[in-house]
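The values are calculated or read from the model by the stated rules, or taken from the named source; none is laboratory data. Quick caveat, the model's predicted, so the values are computed rather than measured. No Cβ is skipped: glycine too gets one built from the backbone with ideal geometry, and neighbour counts run over all protein chains shown. Surface areas here come from the heavy atoms of the whole protein model, side chains and all, with no ligands, DNA or RNA. Shrake-Rupley method; radii C 1.70, N 1.55, O 1.52, S 1.80 Å.
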Amino acid sequence: MKIWKPLAAALIAVASSGGAMAADQSPAYVGVDVGARINGNDSPIYRAYAGYNVGNTAWLDLQQVHALELMVFTSHANTPKYVLSDGFVFGDERIRTKGIGLNWTTSTKLSDNWSLTSRLGINRTWSTVRYRYETGDSNYQRTAMTAGVGLAYKLTPHVSLTVDVTYMPIRITPDIEKTAPILGTGLRYDF
């Protein structure tokens, strides 16, 4: 997607500005991250999200901020190519996955700079497999859950570096589903 590079550049520029903006923050935030499945045999997953803080609570005397978040994500990969002894070729399919999710997030303030984060929600995934040696494409859809936990470190009053582990299964075909957790890192900007 063409939006990833400009979004990342904008967030990096804001992070390097040293927080010159006003200290008052609105309840809205945006973020981007990139992740890969922990088993190491999958293509990167790119995510962008926007959220709105809906309330504050306390847990064990730690401040918590709760938010509703809309997330979009995409991934693409090629499967291995196989050539049999009789010259028959199969595999080498192009797989494109995209999706949207709605999450409930919680950020628990551990210190002035560190927060423990969590995400729980539902996502809808659309996958297209383009067969290189056969005609036509196959399309698959799936609704699944999203659950994750991570850490956020404030680089400036508005920008945080995030790291998280997320369970977000993605169905590629009726027979193939990617279920290993995703380890991701990115930037979040609080307005």
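General observations
- Other-chain or far-sequence residues with amide H under 5 Å of I45's (modelled H): G35, A36
- Around V30: net Lys/Arg minus Asp/Glu count, Cβ-Cβ under 12 Å: -1
- In order along the range 139-149, the Karplus-derived 3J(HN,Hα) couplings, from 6.51 cos²θ - 1.76 cosθ + 1.60 at θ = phi - 60°, round to 10, 9, 10, 7, 9, 8, 8, 10, 9, x, 9 Hz, and Gly and Pro are given as x.
- Under 30 Å between alpha carbons - lysine pairs in the range 50-191 that sit 8 or more apart or on different chains: 5
- 1.4 Å probe accessible area per residue over the range 88-191, in Å²: 52
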